[in-house]
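The values are calculated or read from the model by the stated rules, or taken from the named source; none is laboratory data. Remember, it's a predicted structure, so these values are computed and weren't measured experimentally. Ideal geometry is used to build each Cβ from the backbone, glycine not excepted, and the neighbour counts take in all protein chains shown. When the accessible area is computed, the model is the full protein with side chains, heavy atoms only, and any ligands, DNA or RNA have been set aside. Shrake-Rupley method; radii C 1.70, N 1.55, O 1.52, S 1.80 Å.
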Amino acid sequence: MGAKKARKEKMKNWADNCPENCLHKYLLVEADLARVHGLVDKAMKLYAQAIEEAKKNEFLQNEALGNELAAK
């Protein structure tokens with residue numbers, strides 16, 4: 001297994017087991033990966049989900065980051 005895939009799986013595992021703390025971070029990474037690969041619609045949906053999760057769990061800095069990245 002490649003290092004990138006292993007890190008992605010580890011982050012997904014954290015998001016699954018502790019969504020309050022990790023899901024929004026996982027969604028931000030997935031959104032940015034989608035953006036880099038030119039999947040703008042998918043990226044925007046993932047940014048919106050990440051922003052909502054961060055807001056719901058009071059991670060204001062990550063909510064702001066998601067808004068900033070989505071605006072770009």
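Observations
- Which listed pairs, of 4/56; 5/56; 5/55; 5/42; 5/72; 4/55, have C-alpha distances above 24 Å, in listed order: 4/56; 5/56; 5/55; 5/72; 4/55
- The residues of the chain expose, per residue, 71 Å² of accessible area to a 1.4 Å probe.
- Based on the Stokes-Einstein relation at 10 °C and a viscosity of 1.306 mPa s, and on the Kirkwood radius from alpha carbon pairs, segment 1-71 is assigned a translational diffusion coefficient of 132 µm²/s.
- Accessible area of the chain belonging to carbon and sulfur atoms, whole % at 1.4 Å probe: 56 percent
- Cα→Cβ-extended label distance, 7 Å offset, between residue 16 and residue 55, nm: 2.8 nm
- Think of it as helices only: each DSSP H run of n ≥ 4 in the chain is worth -39500 (n - 2.57), and spread over all residues that comes to -28500 deg cm²/dmol at 222 nm.
- Top of 23, 46, 60 by mean-square fluctuation, Gaussian network on the chain, Cα under 10 Å: 60
- GluC sites (Glu not before Pro) restricted to segment 2-72 and DSSP loop, no more than 11 other C-beta within 10 Å: 58
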